[in-house]
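The values are calculated or read from the model by the stated rules, or taken from the named source; none is laboratory data. In this text the structure is predicted, and so the values were computed from the model without any measurement. A quick note on method: Cβ atoms are made from the backbone with ideal geometry, for glycine too, and the neighbour counts reach across all protein chains shown.
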Amino acid sequence: MTRRTLTLKSKRFREERQEVWKEMEFMLQRIEARSVRGLTDEEIIKLPRLYRSTLSSLSVARATSLDQSVVSYLESLSTRAYYVIYGSQKRLRDRISGFFTRDWPLAIQSAWKDVAASTVIFALGMLVGFVLVSSNADWYYSFVAESLAGDRNPSASEETLRESIYGYQSGDGALGAFAASLFSHNSGVAILAFALGFAFALPTVILMLMNGLMLGAFVAIHTEKDLGFEIGGWLSIHGTTEIFAIILAGAGGILIGRAVAFPGDLSRMESMRSKAEQAAIILGGVVVMLFIAGLLEGFGRQLIQDDWVRYGIGGSMLIFWLLYFFLPREAFQP
Amino acid sequence: MSAAVGQLSPTQIKQGRRHLVTPEGVDLQIELADVGSRIGAFAIDLLIIAVTLIVAAFILGSMSLYNDEVASIIITLIAFVLRSFYFTLFELGRRAATPGKMLLKIRVAARGKARLSAASVFARNALREIGFFLPIGFLFGIGIGGVDGWMSLLASIWAGIFLFFPLFNKDRLRVGDLVAGTWVVRSPRPMLAADLVVTDKPENEAVFAKFAFTPAQIDAYGIKELHVLEDVLRAQDREVLTDVASRIRTKIGWVWEEGESDSAFLRAYYAALRGRLESKMLMGVRRADKFDRR
């Protein structure tokens, strides 16, 4: 009886194999800490062999051993090794650059219809807002929330408006506060435009229209006071990036909304899922654009007072984005 | 935990076990992270972000910038960077986990395949904005000035659906996971504990030799009980040891002798039972528990 206990097969199995497991574990620790590049050639050759041997140990252990600690240890070791061996071997910076050189622009390129639709809707809103407020300034209050406009309304003097365009406020900080609120307002709008796309894109369309109206109205009260050129510079230095970002987020929302509304041969859910990743990639990039816009707004506009330089920066950002997104590029070949 | 080979049972599926077959044909049977540890991991990450912001605010404060506004804009930007890129950058890393996830031993993985693409990570975290930061924003009434009340309400309801989504699907997916084709799995790193049947030392051998169980006595239990006994022996809680030992003695009719320690008795019985059940396994019989008469 006792002799049999002493020669437990699962115990002998473990004793024979555990050196391999330890070696695998040690190598995994090093790979997870740094990268496969940290291994010597010899170790890299050894890695798949260790992996297969660990996997086979797992199969054997499941079939023959009742030692829970061995089985769960091997399960976790094999899973970790699996993700290392078959997972992405690329470095973090290569993966990030892959997103920006390939995934993101391609996602936007192939959604060009939605980008166009979103742009047209926004521009339409802007035009209507501008025309209405120019003809009757009272419209301004129905388009622009008071909390956003502050003292910049149709009754404001030219002085006030001019000051808010060029002012480098230190005391009351009107511009700084306005910039900060615009910053969070617009990123909120961008995300909302995307999020509401699921409801057949209707809320997204409304939101884009509303924001267009607001911007048009805002420009209108400045042209009234002959500050059209100046407000253009003030808006475009960051606005070309920021408004583009909002338009892209809207495009993502419309993309999803279209997929839900017109699923074709798929079920609505499948159709939504087939477009959702593309749309989410667009949104992921939009966040980056909003950040750049925030930088331009927070620093660029504070430091640069010259209208032409403001236009120059805004224009070149726009050209940069357009080239970046729509220059033909090769799809990723795995 | 009973690592049955082959199909997972419905209860195991319910507990979050999933098949993951490697190209070599081995089913790894991964385990999904439970909602609790995901919330915990997220809370830790938020805490890290908050502490970073507070530290940054202190540093900026002590630098006495010429302009408070510039300082506040810098803080806003740092907050934006952290909120937008903290999760993405860490999940793109080799461990596919944020510090909070690492602490709670969970990670992000692609559903059904090994390669977690950068696009997936960006996508699942872009939707975190909608699934979390947006509803929180609505809750505290910040962020979205100038959007109509009804639009906010609509968005709040919508965001609420996002927030509670993981509770209502079997794979515990966030909307971001659903969209990006990912899920969050447990990635425990257990140490290889010592085998309880170590008999190399002569004194151990002598201890084991003292206990000669009859086949009938050994056959009293199955695999389930063996695993419980293993847990008890590894935990080494004296009271539990005594309790379990006396129960087993009663069940198998073992007479306690002077000087016999509970721990030694249990170890010996564990070794005998495991040997018995494992040799049955070699013949293709897995005796699930004590009610399984095989």
Here are A:Ile246, A:Ile231: which of them is of a type in the set (A, V, I, L, M), more than 22 Å from the chain's Cα centre (by Cα) and part of a helix (DSSP H, G or I)? A:Ile231
If we scan region A:104-124, do we find a residue that is at pLDDT below 85, in a helix (DSSP H, G or I) and crowded, with 16+ Cβ neighbours inside 10 Å? no
Considering region A:53-71 alone, what residues qualify as being surrounded by fewer than 21 Cβ atoms within 10 Å (Cβ to Cβ) and more than 7 Å from chain B (Cβ to nearest Cβ)? A:Ser53, A:Ser56, A:Val60
I'd like to check something: does region A:58-70 contain any residue that is in a helix (DSSP H, G or I) and closer than 23 Å to B:Arg95 by Cβ? yes
Has region B:243-261 got any residue that is under 19 Å from B:Asp195 (Cβ atoms), more than 10 Å from chain A (Cβ to nearest Cβ) and either touching a strand residue (DSSP E or B) at 6+ places or on another chain (Cβ under 7 Å) or not charged (D, E, K, R) (or both)? no
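Results for (1) more than 25 Å from the chain's Cα centre (by Cα); (2) part of a helix (DSSP H, G or I), shown as yes or no for each residue.
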{"position": "B:Ser72", "(1), (2)": "yes, yes"}
{"position": "B:Thr76", "(1), (2)": "yes, yes"}
{"position": "B:Ala79", "(1), (2)": "yes, yes"}
{"position": "B:Arg94", "(1), (2)": "no, no"}
{"position": "B:Ala97", "(1), (2)": "no, no"}
{"position": "B:Gly100", "(1), (2)": "no, yes"}
{"position": "B:Gly112", "(1), (2)": "no, no"}
{"position": "B:Ala119", "(1), (2)": "yes, yes"}
{"position": "B:Gly131", "(1), (2)": "no, yes"}
It is to be established whether one or more residues within region A:80-98 are assigned to a helix (DSSP H, G or I), in contact (Cβ under 8 Å) with a residue 12 or more places away in the chain and either within 17 Å of A:Ile281 (Cα to Cα) or in contact with a Cys (Cβ under 7 Å, 6 or more places away or on another chain) (or both). yes
Any pair with Cβ under 8 angstrom, 6 or more apart, that starts in region A:203-214 at a residue that is within 11 Å of chain B (Cβ to nearest Cβ) and among the hydroxyl-bearing types (Ser, Thr, Tyr) and ends at one that is in a helix (DSSP H, G or I) and surrounded by fewer than 24 Cβ atoms within 10 Å (Cβ to Cβ): none
Taking region B:24-74, which residues are at pLDDT below 80 and either crowded, with 16+ Cβ neighbours inside 10 Å or within 13 Å of another protein chain (Cβ to nearest Cβ) (or both)? B:Leu65, B:Tyr66, B:Asn67, B:Asp68, B:Glu69, B:Val70, B:Ala71, B:Ser72, B:Ile73, B:Ile74
Would region A:25-42 turn up any residue that is within 19 Å of B:Arg115 (Cβ to Cβ), surrounded by fewer than 19 Cβ atoms within 10 Å (Cβ to Cβ), more than 7 Å from every other protein chain (Cβ to nearest Cβ) and not polar (S, T, N, Q)? yes
Within region A:279-334, the residues that are in a loop (DSSP other than H, G, I, E, B), more than 14 Å from chain B (Cβ to nearest Cβ) and of a type in the set (A, V, I, L, M) are A:Ile304, A:Leu327
Per the filter on region B:206-251, residues buried (at least 16 other Cβ atoms within 10 Å of the Cβ) and hydroxyl-bearing (Ser, Thr, Tyr) are B:Tyr221
Could you grab me the full set of residues in region B:95-124 that are free of Cβ contacts under 8 Å to residues at least 40 places away in the same chain, over 14 Å from A:Trp104 (Cα atoms) and not charged (D, E, K, R)? B:Ala96, B:Met102, B:Ala114
Name the residues in region B:113-138 that are within 7 Å of chain A (Cβ to nearest Cβ), modelled with pLDDT under 80 and within 18 Å of A:Phe198 (Cβ to Cβ), would you? B:Glu129, B:Ile130, B:Leu134
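Determine, yes or no, whether B:Ala268 is at the interface with chain A (Cβ under 10 Å from one of its Cβ atoms) and touching a Phe, Trp or Tyr at 6+ places or on another chain (Cβ under 6 Å).
Yes: the conditions hold for B:Ala268.
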Give the residues of region A:129-146 that are surrounded by fewer than 20 Cβ atoms within 10 Å (Cβ to Cβ) and outside any helix (DSSP H, G or I), sorted by residue number. A:Asn136, A:Ala137, A:Asp138, A:Ala145
For region A:15-32, which residues satisfy the criterion of being over 15 Å from A:Arg80 (Cα atoms) and at pLDDT below 90? A:Glu15
